[in-house]
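Everything below concerns the one structure shown next.
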Amino acid sequence: EAGVTQSPTHLIKTRGQQATLRCSPISGHTSVYWYQQALGLGLQFLLWYDEGEERNRGNFPPRFSGRQFPNYSSELNVNALELEDSALYLCASSLVGPQHFGDGTRLSIL
Amino acid sequence: GNSVTQMEGPVTLSEEAFLTINCTYTATGYPSLFWYVQYPGEGLQLLLKATKADDKGSNKGFEATYRKETTSFHLEKGSVQVSDSAVYFCALRMDSSYKLIFGSGTRLLVRP
C-alpha cells in the first residue's frame, strides 16, 4: 500500500513569492491534515480537509490556504512568503483511525 | 487549552539500556494518545496509540500505558538499539477536533 506522498521534496522561494505544496493521501483516506514543523516551534496544526471541505484551521494567517480535490489529494498554498515561513510542511491522512504522515516538503525562504 | 509536555532531550543511552521518555498531557475530556517517531530527513511514523484509560499501546518493543489518574503516557523500551536513534513525539487528539497536538519532541541518541 502506497503511503502519503508529498511534492516537491524541497522548495526554495524568495520573500513575497507564493508557494504551492501538494499531498496525495493513502488510498481510501478521505481526510488530509497539514502541519508546520518550524525550527524551535515544534509541530503546529495548520489545516484539516475532509470530503472536500475545510473542517478546522490552526492559528495561522489567511495567507495560508488550501483545498482538497475530488480524488482527496490536497494543495497547501502560502502567499506573500515571509522568512519565518521556512519550515518542513507535513501532510497526513486518515479515514477513521490514526493519522499517517508523508515525508514532508522543506520550504526555504531566501 | 489542551497541551502535551515531554521531557527535554537529548537522551543519550548505550545500546541495550532501558528507555523511558516522559509525557504528560492536559485535556478537557478524554483524548486519544499517540507516540510518533521521526528519523532524520523523514516524516513522522506512528509508533503506538491508546484510545482510553488503562489501554497499553505497543509496537517494536516500545510500550506506553494511558494513565488517566496521572495524565501520563510515558514511552518505554526494555533494550534500545542504535537504530532507535530518532526524535520521539507524544501527541493527543480530541475527537471533536481531530487535529493532533504535539509535545516538543525528545531526541534519543543510542551509542554502540
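The values are calculated or read from the model by the stated rules, or taken from the named source; none is laboratory data. Model, not experiment: these values are computed from the prediction. FYI the Cβ positions are ideal-geometry reconstructions off the backbone, even for glycines, and counts take in every protein chain you see.
Residue A:77 passes every criterion in (1) closer than 22 Å to residue B:3 by Cα; (2) polar (S, T, N, Q); (3) at pLDDT 95 or above apart from (1). In the stretch A:23-40, the qualifying residues are those that are out of contact with any Asp or Glu (no Cβ under 6 Å at 6 or more places or on another chain) and within 9 Å of chain B (Cβ to nearest Cβ), and the one that is surrounded by the fewest Cβ atoms within 10 Å (Cβ to Cβ) is A:37.
Tell me, which residue of the stretch B:60-83 that is assigned to a strand (DSSP E or B) and small (Gly, Ala, Ser) is farthest from residue B:17 (Cα to Cα)? Only one residue fits best here, namely B:72.
If you go through the stretch B:27-70 and pick out every residue that is over 15 Å from the mean Cα position of the chain (by Cα) and closer than 23 Å to residue A:38 by Cα, you end up with 4. Of all residues in the stretch B:75-100, those satisfying the criterion of being at negative phi and among the aromatic types (Phe, Trp, Tyr) are B:88, B:89.
The number of residues in the stretch B:48-76 that are under 22 Å from residue A:100 (Cβ atoms), surrounded by fewer than 20 Cβ atoms within 10 Å (Cβ to Cβ) and more than 10 Å from chain A (Cβ to nearest Cβ) comes to 8.
Of the strands (runs of 3 or more DSSP E) lying entirely inside the stretch A:1-85, the ones with 3 or more residues being within 14 Å of residue A:101 (Cα to Cα) are found at A:5-7, A:19-24, A:31-38, A:42-50.
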